[in-house]
1. Classify segment 13-61 as rounded, prolate or oblate, taking a ≥ b ≥ c as the square roots of the eigenvalues of its Cα gyration tensor: rounded when a/c is under 1.5, otherwise prolate if a/b is larger than b/c and oblate if not.
2. Give me the angle, in degrees from 0 to 90, between the Cα long axis of helix 79-92 and the longest principal axis of the Cα atoms of the chain, rounded to the nearest 10.
3. Each label point is 7 Å from the Cα along the Cα-to-Cβ direction; what then is the distance between the points at Lys82 and Thr15, in nm?
4. Sequence gap at least 6, Cα distance under 8 Å: using those rules, report the relative contact order of the chain to the nearest whole percent.
5. Using helices alone, what [θ] at 222 nm do you get for the chain, with -39,500 (n - 2.57) per DSSP H run of 4 or more residues, divided over all residues and rounded to the nearest 500?
6. Name the most mobile residue of Gln115, Gln124, Gln93, meaning the one with the largest mean-square fluctuation, in a Gaussian network model of the chain with Cα contacts below 10 Å.
7. For a Förster distance of 41 Å, can you work out the FRET efficiency between the beta-carbons of Ala22 and Val117, rounded to the nearest 0.05?
8. Run the quick spin-label model on Val40 and Ser59: label points 7 Å from Cα toward the beta carbon, then report their separation in nm to one decimal.
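Values quoted throughout were computed directly from the atomic coordinates according to the rules given, and no laboratory measurement underlies them. Because the structure is a prediction, the values reported are computed rather than measured. So basically every Cβ, Gly included, is an ideal-geometry build from the backbone, and we count neighbours across all protein chains shown.
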Amino acid sequence: MSYGVSGALQAAVFTALSADTALTTLVGTAIYDAVPVGTVPAIYVLLGSETVREASDVSGEGAVHTFTVSVITTNPGFTSAKAAAGAVSDALQDAELTLSRGSLVSLRFERAVAQRVDSASARQIDLRFRARVQDD
């Protein structure tokens, strides 16, 4: 197993989301891997946690990365959050991402959880994806 592809996968996911017209129409450039300091936009996308497990086989070193992408908004209701979450899902489902190290074998949506946060003043949708990578 190799964890070495993790950074390359995150960078490719960030690039894919940042280049997606449907998503950037909804959130602009508000796609982060850490919540920015100061005032945050009314809606933004946040790259989140990751779990990695061994998936090597006879073809080489590999791993399965399960990661979360969150859509967070202070806009009332879930409408804008669900639109942005749909765009995230569309941008990543079966995406053919080019990694700076290794290669992406598959990328699939697994599940989502939508909830009210901050005493119901904000909405958050956590989308979980599963990526199979090979460390060529």
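1. It comes out oblate by the Cα gyration axes.
2. Between the helix axis and the principal axis of the chain, the angle is about 20 degrees.
3. 3.4 nm
4. This gives 28 percent for the chain.
5. -8000 deg cm²/dmol
6. Answer for the Gaussian network model of the chain: Gln115.
7. That pair, Ala22 with Val117, gives E of 0.95.
8. A separation of 3.8 nm, rounded to one decimal place.
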